[in-house]
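Worksheet: the structure to be examined is printed underneath.
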Amino acid sequence: MTLSRKQLFTLVATTLGGVRIGRVVDIELDTVAQNVVAYHVRPFWRVPTTSPLLLIKRSQVVRITETELIVEDALLPIREPVARKNADVLRAPVV
């Protein structure tokens with residue numbers, strides 16, 4: 001399958017879990033190998049003129065259809081609570 005520039009920039013970036021994250025607005029090319037290195041995606045949930053673009057590397061792309069760029073789901077680490085000085089004073093005991 002081949003895509004024109006017009007088709008490429010109308011692709012919706014979607015995770016494997018079905019979450020629509022944005023629309024492809026630009027790409028990065030490796031001119032030596034003539035390969036796509038990354039896709040720039042404008043998130044749907046931000047103001048279009050001021051939002052930073054999401055950078056999706058080629059290795060994160062699962063497949064491309066005529067309407068979607070399907071990417072891996074993001075796994076975010078769970079942060080441990082930050083230990084505070086005098087934490088026992090700030091926290092009430094649980095009864």
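The values are calculated or read from the model by the stated rules, or taken from the named source; none is laboratory data. Worth saying up front: this structure is predicted, and the values here are computed from it rather than measured. We place every Cβ from the backbone using ideal geometry, glycine too, and count neighbours over all the protein chains shown.
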| remark: Taking region 1-19 and the residues there that are within 13 Å of the chain's Cα centre (by Cα) and under 16 Å from L53 (Cβ atoms), the one that is surrounded by the fewest Cβ atoms within 10 Å (Cβ to Cβ) would be V12
| message | Considering only region 55-73, I want to know if a residue exists there that is modelled with pLDDT under 90 and either part of a loop (DSSP other than H, G, I, E, B) or touching a Leu at 6+ places or on another chain (Cβ under 7 Å) (or both). | response | yes
| request: With the condition kept exactly as written, say whether any residue in region 43-52 is modelled with pLDDT of 85 or more and polar (S, T, N, Q). | output: no
| query | Has region 14-35 got any residue that is of a type in the set (G, A, S) and within 17 Å of E66 (Cβ to Cβ)? | reply | no
| query | Any residue in region 3-23 that is of a type in the set (A, V, I, L, M, F, W, C), under 16 Å from V62 (Cβ atoms) and in contact with a helix residue (DSSP H, G or I) (Cβ under 6 Å, 6 or more places away or on another chain)? | reply | no
